[in-house]
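K.L.:
I am attaching a structure below and will ask some questions about it afterwards.
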Amino acid sequence: MLDDIWVDEAVFALRPDFAVLAMTARGLRNGPTDDWSRALLTEAAERAPQPEKIDAWKEAYRAFGAKPQRTRPSVDALTRRLPLPEINQVVDAYNAVSVKHALPIGGEDLDRYAGPARLIRAVGDEASEEALGQPEPGEVIWRDDTGVTCRRWNWRQVARTRLVEETTNALFLLERLEPMSLEELKEAGEELADLLTRLSPEARIATRLVVRGN
């Protein structure tokens, strides 16, 4: 799965500094929010805001024609929701890492995924859930063989691949733009892997860094 993930050159042409750390976690044990995951959210919410990182994502949205004040980058929307929402243990964990580093992170149920994840600029005829709406030509989207999995880069995910309490195999996409360094991106990935391992000691975790040229 990791080796087949790719980012279209048209996306790198838009933002050459883009990088994504893809992580698979197999054998997860998820469950409803508990004191452990709630504490993660509380600690993350106390972090000082990092507007320069969020501003980079707003600029990226404007570059493909989106209005970030109307459809906000995921990490911008998340940091505006205080206290942070409680979803389930796995989602709480990656949301905490997201807020801590001002880093958009997507979580996908691998068992509901069809084919490799790829980040492209939409043609405009991609299959999409009605609630999400149809992507516009040139819009940056994540997709699989079935259709759109996340619109406007990291704005909103489809219900089909959402992480739920029954999820056992997951894909996480940690998306970076400058001024975040690649080193901090890797550190955030290590933190997420550590949290997932605490939650599920027998989970098998693998990662791959995707940057322009690889």
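The values are calculated or read from the model by the stated rules, or taken from the named source; none is laboratory data. The shown structure was predicted, so the numbers you read here are calculated from the model rather than taken from an experiment. In this analysis, Cβ positions are derived from the backbone assuming ideal geometry, glycine residues included, and neighbour counts consider all displayed protein chains.
K.L.:
Read through the list (1) in a strand (DSSP E or B); (2) within 16 Å of P73 (Cα to Cα), then give the number of the only condition that E52 fails.
P.N.:
The one condition E52 does not meet is (1).
K.L.:
OK, next. From the list Y61, Y94, exactly one residue is crowded, with 20+ Cβ neighbours inside 10 Å, aromatic (F, W, Y) and touching a Gly at 6+ places or on another chain (Cβ under 7 Å). Which is it?
P.N.:
Unique residue meeting the criteria: Y94.
K.L.:
Check whether at least one residue in the stretch 125-148 is within 23 Å of K100 (Cβ to Cβ), at pLDDT 95 or above and surrounded by fewer than 21 Cβ atoms within 10 Å (Cβ to Cβ), and report yes or no.
P.N.:
No, because not a single residue in the stretch 125-148 is within 23 Å of K100 (Cβ to Cβ), at pLDDT 95 or above and surrounded by fewer than 21 Cβ atoms within 10 Å (Cβ to Cβ).
K.L.:
Okay, moving on. Given the criteria surrounded by 16 or more Cβ atoms within 10 Å (Cβ to Cβ) and of a type in the set (K, R), does R80 qualify?
P.N.:
Here the answer is no, as R80 does not meet what is asked.
K.L.:
For the subset of the stretch 155-166 comprising residues that are among the charged types (D, E, K, R) and part of a loop (DSSP other than H, G, I, E, B), which member is surrounded by the most Cβ atoms within 10 Å (Cβ to Cβ)?
P.N.:
Ranking the candidates gives R160 first.
K.L.:
Restrict the check to the stretch 186-208 and report whether at least one residue is at pLDDT 95 or above, under 24 Å from R62 (Cα atoms), under 15 Å from the mean Cα position of the chain (by Cα) and aliphatic (A, V, I, L, M).
P.N.:
no
K.L.:
I'd like to verify a number: residues in the stretch 21-48 that are of a type in the set (K, R) and free of Cβ contacts under 8 Å to residues at least 60 places away in the same chain, how many?
P.N.:
The number of residues fulfilling the criteria is 2.
K.L.:
Could you list, in sequence order, the residues of the stretch 167-214 that are in a loop (DSSP other than H, G, I, E, B), within 26 Å of E52 (Cα to Cα) and in contact with a helix residue (DSSP H, G or I) (Cβ under 6 Å, 6 or more places away or on another chain)?
P.N.:
Listed by number, the residues that qualify are L177, P179, M180, R212.
K.L.:
I'm trying to understand the selection: among the residues of the stretch 30-49, which are among the small types (G, A, S), under 21 Å from E166 (Cβ atoms) and part of a helix (DSSP H, G or I)?
P.N.:
Passing the criteria: only S37.
K.L.:
I would also like to ask the following. If only one of R118, R143 is under 14 Å from R156 (Cβ atoms) and either touching a strand residue (DSSP E or B) at 6+ places or on another chain (Cβ under 8 Å) or without any contact (Cβ under 8 Å) to a residue 12 or more places away in the chain (or both), which one is it?
P.N.:
R143
K.L.:
In addition: Please indicate, with yes or no, whether at least one residue in the stretch 190-203 is surrounded by 15 or more Cβ atoms within 10 Å (Cβ to Cβ) and either in contact with a Cys (Cβ under 9 Å, 6 or more places away or on another chain) or among the basic types (K, R) (or both).
P.N.:
There is no residue in the stretch 190-203 that is surrounded by 15 or more Cβ atoms within 10 Å (Cβ to Cβ) and either in contact with a Cys (Cβ under 9 Å, 6 or more places away or on another chain) or among the basic types (K, R) (or both).
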